[in-house]
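Derivation of every value follows stated rules applied to the coordinates shown; laboratory data play no part. The model shown is predicted, which means the values in this text are computed figures rather than measured ones. Every residue, glycine among them, receives a Cβ derived from its backbone with ideal geometry; neighbour counts consider all protein chains shown.
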Amino acid sequence: MGGDGRRPARFGGFRALGGGAVVVAAALLILRPIVDRRDCPNYGGNGNASSFGDERLDLVFVLLLLGWPAAVAVEQALPVAWRHRRPVEITLRAVGAVLLTLTASCCLAVEVLFTCR
């Protein structure tokens, strides 16, 4: 704990994690990607197709999924996320947040972007 006796906020330093999850979920709801292989435009044929209505949205979604872990890592590096915490707790929270975000991003990328490949 810090010198002033305040308790650290339980979810302090996890704003980018929660906010990014909301943004990714909203993007998936708005963009409505194809999630069933049989709905793909190239089903039964050869070649690659986009899981979205527009092929450019593949790049936008990848950039979104790359930006989310980057934002989480930056937030965990800020001293504000360290307030009233011991070094071990800071490290464990940062590693956990970054790993959770990377895992979620990779799973979403594989599920959404490779459906029609």
From Cα pairs below 8 angstrom and at least 6 apart in sequence, can you work out the relative contact order of the chain, rounded to a whole percent? 42 percent
Report the Cα centroid-to-centroid distance between region 60-96 and region 31-57 in angstrom, as an integer. 33 Å
Candidates (i) 7.1; (ii) 8.8; (iii) 8.0; which is the computed mean projected area of the Cα convex hull in nm²? (iii)
Taking Cα atoms, the helix 87-113 axis meets the longest principal axis of the chain at an angle in degrees (rounded to 10) of 10 degrees
The helix 15-31 Cα axis meets the longest alpha-carbon principal axis of the chain at an angle in degrees, between 0 and 90 and rounded to 10, of 20 degrees
Which loop-located chymotrypsin sites (Phe, Trp or Tyr not before Pro) does region 33-105 contain, where loop means any DSSP state but H, G, I, E or B and the Cβ has at most 12 other Cβ atoms within 10 Å? Y43
Length gained, L92-A70, 0.36 nm per residue minus C-alpha separation, equals 6.2 nm
